[in-house]
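See below for the structure under consideration.
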Amino acid sequence: MLHQAHTLYLHQGEIARRQGKTVFLRQGLPASAMRVDNLWLSYRITMLDLSDKHLNRILKEQARWRALGNQVKGIQIDFDARSYQLARYVKFLQTLRQRLPADTQLSVTGLLDWAKTGDVGTLNRLGGVIDELVVQTYQGRSTVTRYAEYLPALMKLQIPFRLGLVQHGQWDERWQRRLAASAYYRGNVVFLVNPPPNPFCRHAS
């Protein structure tokens, strides 16, 4: 499946608290030439605080990937904000967007229940802030139970979004046709869980 991908999301690290300090944990493949049309560098964060030090490190990594000839679209932020945290998370992303260079696009992952139990109006405030929202239909390596109950709410989104699917998970292709009726639907992203060449990557379809 990896060799068929046109777009890849590569996990590159995590910014987390360790012993009272915020640290950058380097993970994933080192910078190398990838034969894909579009590349996103994905970073997991565990708090809504991104220092200039850590942001500059992310941007330097992006520059290294680009220097090797890769078409890096930008960065992806992976943060599990609960529905009640959405307003604060939106504010964080608005601030982050202002700090990013104009040539760096911004993608974020989202929890499946955001559109159903959260405030869709709050999410739609991200229009012009993020370039896409990838709504995950899985936890770990398994599809969320009764995931289809959450999907109708996605039709209310007015920001570009994709669905995150897990490889070998469940998916009803009829929903792909229904979501295609939304002008904001951009297709699917499959989280790859197979062994090497790299278990920490995703591709878009």
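Run down Arg99, Arg125 and say which single residue is in contact with a helix residue (DSSP H, G or I) (Cβ under 7 Å, 6 or more places away or on another chain), over 22 Å from Gln71 (Cβ atoms) and exposed (fewer than 15 other Cβ atoms within 10 Å of the Cβ). Answer to the selection: Arg99.
For the stretch 146-173, a tally of residues being part of a helix (DSSP H, G or I) and more than 24 Å from Leu192 (Cβ to Cβ) returns 5. Any residue that is of a type outside the set (A, V, I, L, M, F, W, C) and in a helix (DSSP H, G or I) - is there at least one of those in the stretch 64-77? Looking through the stretch 64-77, at least one residue is of a type outside the set (A, V, I, L, M, F, W, C) and in a helix (DSSP H, G or I).
Quick one: in the stretch 38-90, which of the residues that are at pLDDT below 95 and among the small types (Gly, Ala, Ser) is nearest to the chain's Cα centre (by Cα)? Per the stated criteria, the residue is Ala81. The set of residues in the stretch 174-194 being in a loop (DSSP other than H, G, I, E, B) and over 27 Å from Gly28 (Cα atoms) consists of Ala180, Ala181, Ser182, Ala183, Tyr184. Just name the residue that is surrounded by the most Cβ atoms within 10 Å (Cβ to Cβ) out of those in the stretch 29-44 that are small (Gly, Ala, Ser) and part of a loop (DSSP other than H, G, I, E, B). Within the stretch 29-44, the match that is surrounded by the most Cβ atoms within 10 Å (Cβ to Cβ) is Ala31.
The values are calculated or read from the model by the stated rules, or taken from the named source; none is laboratory data. From a predicted model like this one, the values you see are computed outputs, not experimental measurements. Ideal geometry is used to build each Cβ from the backbone, glycine not excepted, and the neighbour counts take in all protein chains shown.
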